[in-house]
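Note sheet for the following structure.
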Amino acid sequence: MAAQVDVLVVGAGASGLALGIDLARRGVDALVVEQADGLIPGSRGKGIQPRTLEVFDDLGVLDAIHAAGGAYPVGMIWKDGRRMGERTMFDPAAPTEGAPYTKPWMVPQWRTQEILLARLEELGGRVAFRREAAGLAQDGGGVTVRFADGTEVRAGYVVAADGGRSTVRRALGIDMTGETVDPSSMLVADVRITGLDRDNWHIFPSSREGGGFMALCPLAGTEDFQLSAQFPEGTAVDLSPDGVRKVVAARSHLAPEDVTEVRWASDFRPRAALADRFREDRVFLMGDAAHVHSPAGGQGLNTSVQDAYNLGWKLGAVLRGGAPASLLDSYEEERRPIAADMLGLSTSVHRGKTRRGEATRQLGLGYRTSSLTEETRETPGSVRAGDRAPDGTVEGVRLFDAFRGPHWTLLTANTDAPQGYGAGVFLVRPDGYVGWAGETTEGLAKYARRVGAEDVRRIP
């Protein structure tokens with residue numbers, strides 16, 4: 001007989017683990033499965049954007065993330081073994097009361113995943129490794145997932161977080177539509193190097209003699225550098241330690257032996273692709289299974305974690321809070337347009353058309369046009385229903401402290417409300433967006449029933 005769970009999450013990357021955390025703290029019986037022997041290695045998505053830092057604050061991992069990483073260093077351009085000058089990699093933004101985190105924070109992805117796994121286990125959640133999904137079948141009561149070892153799991157809902165080559169997505173017959181962002185092949189590796197300082201992100205532009213572009217970025221919280229190097233279209237990239245050493249020596253003033261260790265290496269061709277839909281009945285797609293980004297601009301992991309943050313509270317509300325199953329329809333409605341926008345942004349950054357700045361911080365994303373959004377005020381302030389709920393202080397209470405947790409928050413504000421809320425009543429969703437706003441509480445109870453908002457905390 002197949003084991004049974006409320007939710008089966010396929011894939012233990014950052015999005016799968018984040019969803020596992022959100023479900024665990026809601027009392028949902030969820031199992032995360034991963035086909036590999038352990039967490040996937042490599043620094044890969046190393047940039048955590050400010051909006052994701054806010055998400056991590058709510059999920060209870062922000063202190064660990066801050067301790068594990070560091071700020072991005074300033075870029076340094078090299079030519080012929082000489083420093084040619086610094087390059088600012090990000091447009092600056094000072095913290096404000098409403099947005100306390102305004103700079104991307106660097107943490108190698110393997111370390112982010114370790115932190116998320118530890119938090120999941122702390123909450124009583126679990127990951128089953130060496131469980132490769134091989135197929136699935138749906139019916140009116142749930143989904144049966146079959147694994148390569150012949151075992152099965154029965155779940156009320158299944159979430160595919162199993163990457164760009166998602167087995168679950170393919171089993172559902174959902175296509176991805178996209179484009180090649182850059183025909184060039186890319187090498188990404190985690191290496192240890194002597195003779196190069198860790199104060200800068202070292203950039204070696206293309207040259208006739210040395211070959212294509214290369215960058216060496218010191219990975220905060222580690223002794224490693226992330227190497228990224230571009231190759232002509234059709235090049236077979238040598239991922240062996242000697243092959244990586246040859247690339248570094250050919251494109252910089254460093255010698256092969258200066259690369260003392262190659263800890264991980266991978267190659268890929270940058271592309272952008274979006275799943276034609278994010279849901280098939282009781283199965284949902286998120287993360288790379290739903291959208292594949294160029295790494296430029298650091299949008300992929302962040303968009304993926306926020307997929308999980310959007311879906312987690314909705315699954316919890318349906319499974320534990322008595323919300324109607326129709327609430328789950330809003331996941332694709334809200335997340336697919338944002339994923340499409342972030343794909344366009346990543347591609348634009350990759351092609352040098354957009355700088356890393358306000359848009360890449362993801363603080364301006366929201367759901368004003370969502371079916372879950374109701375703005376009933378005649379003259380709303382700059383913060384409207386559907387917007388991210390900014391931080392601030394109301395009668396001595398910090399809003400982010402009040403928002404933290406799996407509940408809804410009811411904020412009653414006067415004209416002195418912080419950060420553009422304006423006077424009125426605001427019902428803030430569990431994922432930190434204003435769901436409903438009104439001048440009084442008229443209509444609020446009806447909205448709360450519609451979205452299953454049962455656990456509501458009040459401020460003040």
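Considering the dipole of the chain built from charges on the beta carbon (Lys and Arg +1, Asp and Glu -1) around the Cα centre, which of Phe284, Phe225, Asn302 is farthest to its positive end?
So the residue we want is Phe225.
Which FRET efficiency value, to the nearest 0.05, is calculated for Phe129 and Gln4 with the Förster distance at 22 angstrom and r the Cβ-Cβ distance?
Working from the Cβ atoms, E equals 0.65.
How do 240-246, 69-75 rank on mean C-beta neighbours within 10 Å, highest first? Show your work: numbers first, answer last.
Numbers: 240-246: 15.3, 69-75: 17.0.
Packing proxy ranking, top to bottom: 69-75, 240-246.
So for the chain, averaging the separation of alpha carbon pairs under 8 Å that are six or more residues apart and normalising by length, what relative contact order in percent results?
Reported relative contact order: 17 percent.
Cα convex hull of the chain: mean projected area in nm², to one decimal?
Hull-based average projected area comes out at 22.2 nm².
Computed over the Cα atoms, what is the radius of gyration of region 359-460 divided by 2.2 N^0.38 Å, N being its residue count?
For region 359-460, the normalised Cα radius of gyration comes out at 0.97.
Go ahead and estimate [θ] at 222 nm for the chain from helices alone: -39,500 (n - 2.57) per DSSP H run with n ≥ 4, summed, over the residue count, rounded to 500.
Taken over the chain, the calculation gives -7500 deg cm²/dmol.
Taking the dipole about the Cα centre of the chain, with the C-beta of Lys and Arg at +1 and of Asp and Glu at -1, give me whichever of Pro241, Ile115, Val143 is farthest to the positive side.
With unit charges placed on the Cβ atoms, the residue in question is Pro241.
Gain in length, Ala325 to Glu233, computed as 0.36 nm per residue apart minus the alpha-carbon separation, to one decimal in nm?
28.4 nm
Note the angle between two axes, namely the Cα long axis of helix 300-320 and the longest principal axis of the Cα atoms of the chain, as a number of degrees from 0 to 90, rounded to the nearest 10.
The angle comes out near 30 degrees.
To the nearest 20 Debye, how big is the dipole of the chain about its Cα centre, given +1 on the beta carbon of each Lys and Arg and -1 on that of each Asp and Glu?
Working: 53 positive and 61 negative charges, 93 e Å.
The dipole magnitude comes to about 440 debye.
What per residue convex hull volume, in Å³, comes out for region 1-151 when only alpha-carbon positions are used?
Spelled out: Cα convex hull of region 1-151, divided by residues, is 169 Å³.
What does the accessible area of Leu363 come to, in Å² to the nearest 10, when a probe of 1.4 Å is used?
Approximately 40 Å² for this residue.
If you put +1 on each Lys and Arg Cβ and -1 on each Asp and Glu Cβ, how big is the dipole of region 311-431 around its Cα centre, in Debye rounded to 20?
Approximately 580 debye in magnitude.
Given points 7 Å out from each Cα along the Cα-Cβ axis, report the Glu395 to Arg458 separation in nanometres with one decimal.
Using points 7 Å along Cα→Cβ, the separation is 0.9 nm.
Within the set of other residues whose C-beta is less than 13 Å from the C-beta of Gly405, count the net charge using Lys and Arg as +1 and Asp and Glu as -1.
Summing Lys/Arg as +1 and Asp/Glu as -1 gives -1.
The values are calculated or read from the model by the stated rules, or taken from the named source; none is laboratory data. Values in this document were obtained by computation on a predicted structure and should not be read as measured data. All Cβ positions, glycine included, derive from the backbone under ideal geometry; neighbour counts span all protein chains shown. Side chains included, ligands, DNA and RNA excluded: accessible areas come from the protein's heavy atoms. Shrake-Rupley method; radii C 1.70, N 1.55, O 1.52, S 1.80 Å.
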